[in-house]
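Q: Quick one: the structure is below, and I'll ask about it shortly.
The values are calculated or read from the model by the stated rules, or taken from the named source; none is laboratory data. Given the structure is predicted, the values throughout are model-derived calculations rather than measurements. Reconstructed Cβ throughout: ideal geometry from the backbone, glycine too, with neighbour counts over all protein chains shown. These accessible areas exclude ligands, DNA and RNA; they are computed on the full protein's heavy atoms, side chains included. Shrake-Rupley method; radii C 1.70, N 1.55, O 1.52, S 1.80 Å.
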Amino acid sequence: EPEVTQTPSHQVTQMGQEVILRCVPISNHLYFYWYRQILGQKVEFLVSFYNNEISEKSEIFDDQFSVERPDGSNFTLKIRSTKLEDSAMYFCASRPVLAGSGEQYFGPGTRLTVT
Amino acid sequence: AQSVTQLDSQVPVFEEAPVELRCNYSSSVSVYLFWYVQYPNQGLQLLLKYLSGSTLVESINGFEAEFNKSQTSFHLRKPSVHISDTAEYFCAVREKAAGNKLTFGGGTRVLVKP
């Protein structure tokens, strides 16, 4: 069964460094998402992406964040200058355009630790 | 804006006992409702969903959830749990009319004891 994959599973970085989190959505899906979960807190929506542009973003998704679909298969989340409070589990999700229910398929997550 | 509340952060339960995980939501518009499960070291997997129609929905592994519009609830139940049901369970909503995002509750960690 096709699944969303994410790399790396764990990333450790120093404050102020740039990180890129990578996701490979399910191949025939057209909507892509990033969510994050700070330890002990809720899973929070960051951004949705459709037709090569951001369709919705949350207040968390400020100028330090960007998303890209560089090659038709990968979907990346970049944090330009990481802060301690960016430490979290980051989940990628995708869904096919015909799934009107909004059912999203999630990857296993990347744990980002900022020191 | 919608919000989701899962009242229990942890639920210890003995094997073969029943379990209920509570989920309440608030929204000014109609919503779709979901339960996701996260097994240790894995991603979020869809357990079941309510879109419309019958208010009782079931999963293939014995879980069921009932949509109660008047109480704005979508509680998850299983009459007899297994050790393998040990996981974290997340309730989520999505507004039907606008946007794509899911809004999650805080999660309930279920620990099944032998």
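Q: Using a 7 Å offset from Cα along Cα-Cβ at B:L111, what residues in region B:12-45 end up with backbone N under 11 Å from the label point?
A: B:12-13
Q: If you add up the charges near B:N61, with Lys and Arg at +1 and Asp and Glu at -1, over every other residue whose beta carbon is less than 13 angstrom from its beta carbon, what do you get? All intermediate terms of the calculation are to be shown ahead of the outcome.
A: Working: positive: B:R77, B:K78; negative: B:E58, B:E64, B:D85.
Summing Lys/Arg as +1 and Asp/Glu as -1 gives -1.
Q: I would also like to ask the following. In terms of solvent-accessible area of protein heavy atoms at a 1.4 angstrom probe, what is the ranking of A:D71, A:D63, B:D8, A:D86, highest value first? Intermediate values should be presented prior to the final figure.
A: Numbers: A:D71 90, A:D63 130, B:D8 35, A:D86 10 Å².
The ordering from most to least exposed comes out as A:D63, A:D71, B:D8, A:D86.
Q: Same structure again: In units of 2.2 N^0.38 Å, what is the alpha-carbon radius of gyration of region B:3-113? All intermediate terms of the calculation are to be shown ahead of the outcome.
A: On the way: Rg = 13.4 Å, N = 111, 2.2 N^0.38 = 13.2 Å.
So region B:3-113 has a normalised radius of gyration of 1.02.
Q: Another question, if that's okay. Sort all Cα-Cα distances of region A:5-114 into consecutive 5 angstrom bins from zero, then give the percent of pairs in each bin up to the one containing the longest distance.
A: 2, 13, 24, 27, 20, 9, 4, 1, 0
Q: Could you run the numbers on buried accessible area between B and A, total for both chains, 1.4 angstrom probe, in Å² to the nearest 100? Don't skip to the answer; put the middle values down first.
A: Details: alone 6350 and 6630 Å², together 11340 Å².
For B against A, buried area totals roughly 1600 Å².
Q: How crowded by other chains is B:27-36, given as the mean number of beta carbons from other chains within 10 Å of each beta carbon?
A: On the way: counts 0, 0, 0, 0, 1, 4, 1, 4, 0, 3.
That average works out to 1.
Q: Moving to a separate point now. To check my understanding: the extent here is largest minus smallest coordinate of the Cα atoms along each principal axis. What are those three numbers for region B:33-87, in Å, largest first?
A: Taking max minus min along each principal axis of the Cα atoms, region B:33-87 gives 35, 23, 19 Å.
Q: Using +1 at the Cβ of each Lys and Arg and -1 at the Cβ of each Asp and Glu in chain B, identify which of B:N41, B:V93, B:Q10 lies farthest towards the dipole's positive end.
A: It is B:V93, whose Cα lies furthest towards the positive end.
Q: Only Lys, Arg, Asp and Glu count, each charged at its Cβ (+1, +1, -1, -1), so figure out the dipole size of the protein assembly as shown about its Cα centre, rounded to 20 debye. Please list the in-between numbers first.
A: Details: 20 positive and 24 negative charges, 31 e Å.
Roughly 160 debye, rounded to the nearest 20.
Q: Follow-up. With only Lys, Arg, Asp and Glu charged, each at its Cβ (+1 for the first two, -1 for the last two), find how big the charge dipole of chain B is about the Cα centre; round to the nearest 20 debye.
A: For chain B, the charge dipole is close to 360 debye.
Q: Roughly what percent of Cα-Cα pairs across region A:31-85 reach past 17 Å?
A: Of the Cα pairs, 38 percent sit more than 17 Å apart.
Q: For A:T76, B:T86, give me the order by solvent-accessible area with a 1.4 Å probe, most accessible first, ignoring ligands, DNA and RNA.
A: Details: A:T76 15, B:T86 40 Å².
Result of the area sort, largest leading: B:T86, A:T76.
Q: If you don't mind, there's one more thing I want to ask. Given H placed on each backbone N at 1.01 Å, which residues far from B:L111 in sequence or on other chains put an amide H within less than 5 Å of it?
A: Correct list: B:V11, B:V13.
Q: Go through A:K57/B:K78; A:K42/B:K69; B:K49/B:K69; A:K83/B:K49; A:K42/A:K83 and tell me which ones have a Cα-Cα distance over 26 Å in this structure. Intermediate results must be reported in sequence, preceding the final value.
A: Details: A:K57/B:K78 36 Å; A:K42/B:K69 23 Å; B:K49/B:K69 15 Å; A:K83/B:K49 36 Å; A:K42/A:K83 19 Å.
In this structure, A:K57/B:K78; A:K83/B:K49 lie more than 26 Å apart at Cα.
Q: Separate question: Counting Lys and Arg as +1 and Asp and Glu as -1, each charge on the Cβ, what is the dipole of region A:1-64 about the Cα centre in debye, to the nearest 20? Before the final figure, lay out the partial values.
A: Numbers: 4 positive and 9 negative charges, 35 e Å.
It works out to roughly 160 debye.
Q: Within 10 Å of each Cβ of A:50-57, how many other protein chain Cβ atoms are there on average? Kindly include the intermediate steps, with their values, before the conclusion.
A: On the way: counts 1, 0, 0, 0, 0, 3, 4, 1.
Partner Cβ neighbours, averaged per residue: 1.
Q: Report, in cubic angstrom per residue, the convex hull volume of the C-alpha atoms of the protein assembly as shown. Kindly include the intermediate steps, with their values, before the conclusion.
A: Working: hull volume 28.8 nm³, N = 229.
With only Cα atoms used, the protein assembly as shown gives 126 Å³ per residue.
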